[in-house]
Amino acid sequence: MLSESLGSEVKAECSDNSPDMLSENSVVYEETSVDVKTQIEGDNMPENENEVLRCGATLDEIRNGSAPCLPPVIPSHDHTVFFQLPIVTCGQPPKPHPDNLRDSWDTDHVRMPFSKHSLYPVQEGGEQSQLRQRWELVQEALLKTIMSCQQLEAVILSYNSKYSERWDFLVLQLLFTEVFSEDETSNFFSTLLPQIIQLALQLPTLLTAPVPLLVQHRNHTLSFSQLQIASLLANAFLCTFPRRNTAKRQSEYARYPDINFNRLFQAAEGAVPKPEKLKCLLHYFRRVCSRAPDGVVTYARRYVNHSDLPQWDKSQKLLTKLHITSQGTIEDDGEGLLQVDFANKRVGGGVLGRGCVQEEIRFVICPELIAARLFTEALDSTEALLVVGCERFSNYTGYSNTFEWKGNYEDMTPRDSSGRRMCSIVAIDALKLGNRNVQYTPSNMHRELNKAYVGFHCPEFQPGERLAGVASGNWGCGAYRGDAKLKTLLQLMAASQAGRHLAYFTFGDAKLRDQVYHLYTYLTDHQVTVGQLWRLLCKYYEHSFRGGRLITELYPFLYQALSNKSNPVGTTCSML
């Protein structure tokens, strides 16, 4: 069996939120009173976990915002729009802009597969190799009859010949020989694949302007039609993008995620759960090829200079409303909220590899997110990526190795005045920790607090507008080894500073739900400000570590500090 050669178990790559990887610190409680311990355990928590699934404000209260995450689509120096405005034909894809193709081949723009400057060495017969336009090779190869996986492999390798000894297509073979039925495989090669090829080859007529790279330390926004994105993804499936197949440090795109799908087809990294991710992506192509999507998606890189970040120790903001629940998910229950993607600094993480946790799952059920990998440089410490308008196409069950595609999803999210679905997703990457205890250093807490703030704040915010709340969860608390109790507070502080409420999903962890809400109630009852809480967090590191060893857990320390009237809450944090 082919599947036996692929191995059965793999670890999730590049993402940070596997709930089964959470573990409590080994702690020794010192100088903690009985009363404070009672506060920690929650003296009025329900005896039966099932009695209460959520605590705090309702989701409707958290949604209570009218301000959009982005203004209407209007071309400007900082906003590149690839379709004609205004959109005049309802139900039809927007027309490309400009009318005629403008080719660009430089380090400031995506190097497109159809560029006349993209050349590839070809050796015919015994003659010396000659350079040909790569797009001609792509067209010649893809317009051949392809009726088997082996033929598809040969076609892809014909314009990626230098990787013929390095790429394998074992997962693709597995999909067609052991996962799909004969009818499903036949339908793919006879119907769906020709449609994907046609969609890919339309790229020069669909996307006629050069695509700027979203580079570090520059705010810039790109708006595409959904059909343009579909054509980009069809080319990614067929591995046509030049200069994107190497991760060597000195390569041109070393700081960008990969975009060609070759790694998803390979078994070198392990196969589970790649076939299920491929099912999601093929379902997406089936949908967009059967009916051309007519919406718009916007990608905005957000950067805040360090000098423009909040002075956290001086913040007088009170904590905003909190909804915390052990039931539901960000994507299912976060409608109308700014939804957090627990991102890798290279957005999408292992979506085209073996990763299949929070970020990767979101990217395969909403494949338009994958397009961001084409043009988004790795996020720096005070940067985020905001995506507005992406559509969900698939249902799923499971997580990591248990992930399964579960059929079609009809996204009924309403659209804004620019044709974007009113779904806003922000990608923020957490610190990856070798030693869990270093996350409590003021410098690392400061980094995470700033990162969350950059993702949550809205520079277009107008006084009097109420921003929609944030939907988040255990950000950076899986493979990245973050402490969910700390990350909850940091995200709540960032949301409060940005003027947003917070909906927090604990992914089934009822104990965390109760502990967080009990502390939140205690903080709000005492009218603790963001600045005061920040100073307490700094004091926690100063007072709770001895010789690199944690002697008091975070929440007991906070209760103790707040219950001690002589506690110098006004002390500044001098350790940054």
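Let's see how each residue does on (1) more than 30 Å from the chain's Cα centre (by Cα); (2) within 21 Å of Ile229 (Cα to Cα); (3) among the hydrophobic types (A, V, I, L, M, F, W, C):
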position: Trp105; (1), (2), (3): no, yes, yes
position: His117; (1), (2), (3): yes, no, no
position: Met147; (1), (2), (3): yes, no, yes
position: Leu201; (1), (2), (3): no, yes, yes
position: Thr205; (1), (2), (3): no, yes, no
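Filtering the stretch 504-515 to residues that are over 18 Å from Ile330 (Cα atoms) and under 27 Å from the mean Cα position of the chain (by Cα) leaves only Lys511. Take the conditions (1) among the hydrophobic types (A, V, I, L, M, F, W, C); (2) surrounded by fewer than 21 Cβ atoms within 10 Å (Cβ to Cβ); (3) over 25 Å from Val288 (Cα atoms); Val179 misses just one of them, which is (3). Applying the condition of being farther than 16 Å from Lys321 by Cα and among the hydrophobic types (A, V, I, L, M, F, W, C) to the stretch 507-532 and asking which residue is surrounded by the fewest Cβ atoms within 10 Å (Cβ to Cβ) yields Ala510.
Of the residues that sit in the stretch 290-316 and are hydrophobic (A, V, I, L, M, F, W, C) and in contact with a Pro (Cβ under 9 Å, 6 or more places away or on another chain), which one is nearest to Asn219 (Cα to Cα)? The qualifying residue nearest to Asn219 (Cα to Cα) is Val304. Just the residues that are out of contact with any Ser or Thr (no Cβ under 8 Å at 6 or more places or on another chain), over 24 Å from Gly469 (Cα atoms) and in contact (Cβ under 8 Å) with a residue 60 or more places away in the chain, please, taken from the stretch 403-433. Passing the criteria: only Lys432. Scan the stretch 250-306 residue by residue and report those that are touching a Cys at 6+ places or on another chain (Cβ under 7 Å) and closer than 27 Å to Arg111 by Cα. Scanning the stretch 250-306 gives Asn260, Phe261, Asn262, Lys277, Val297. What do you reckon, is Pro463 free of Cβ contacts under 8 Å to residues at least 40 places away in the same chain and either small (Gly, Ala, Ser) or under 26 Å from Asp78 (Cβ atoms) (or both)? Answer is yes for this residue. Within the stretch 310-317, not a single residue is among the polar types (S, T, N, Q), more than 16 Å from the chain's Cα centre (by Cα) and more than 30 Å from Arg535 (Cα to Cα).
Among residues that are more than 26 Å from the chain's Cα centre (by Cα), crowded, with 21+ Cβ neighbours inside 10 Å and not in a loop (DSSP other than H, G, I, E, B), Ile197 is included.
Selection of helices (runs of 4 or more DSSP H) fully inside the stretch 473-576 by the criterion of at least 2 residues being modelled with pLDDT of 95 or more, under 22 Å from Cys55 (Cα atoms) and of a type in the set (S, T, N, Q) returns 484-498, 510-525. The set of residues in the stretch 389-436 being among the acidic types (Asp, Glu), touching a strand residue (DSSP E or B) at 6+ places or on another chain (Cβ under 6 Å) and assigned to a loop (DSSP other than H, G, I, E, B) consists of Glu391 alone. Of all the listed residues (Trp135, Trp167), the sole one being surrounded by 14 or more Cβ atoms within 10 Å (Cβ to Cβ) and either outside any helix (DSSP H, G or I) or at pLDDT below 95 (or both) is Trp167. Kindly check whether there is at least one residue in the stretch 284-301 that is at pLDDT 95 or above and more than 27 Å from Leu199 (Cα to Cα). Yes; the residues of the stretch 284-301 include at least one that is at pLDDT 95 or above and more than 27 Å from Leu199 (Cα to Cα). Each residue in the stretch 358-384 was checked for being touching a helix residue (DSSP H, G or I) at 6+ places or on another chain (Cβ under 7 Å) and outside any loop (DSSP other than H, G, I, E, B), and 10 pass. Per the listing Pro212, Pro257, the residue uniquely closer than 28 Å to Cys289 by Cα and either crowded, with 21+ Cβ neighbours inside 10 Å or over 21 Å from the mean Cα position of the chain (by Cα) (or both) is Pro257.
The values are calculated or read from the model by the stated rules, or taken from the named source; none is laboratory data. Quick caveat, the model's predicted, so the values are computed rather than measured. Note that each Cβ is placed from the backbone with ideal geometry, even for glycine, and that neighbours are counted across all protein chains shown.
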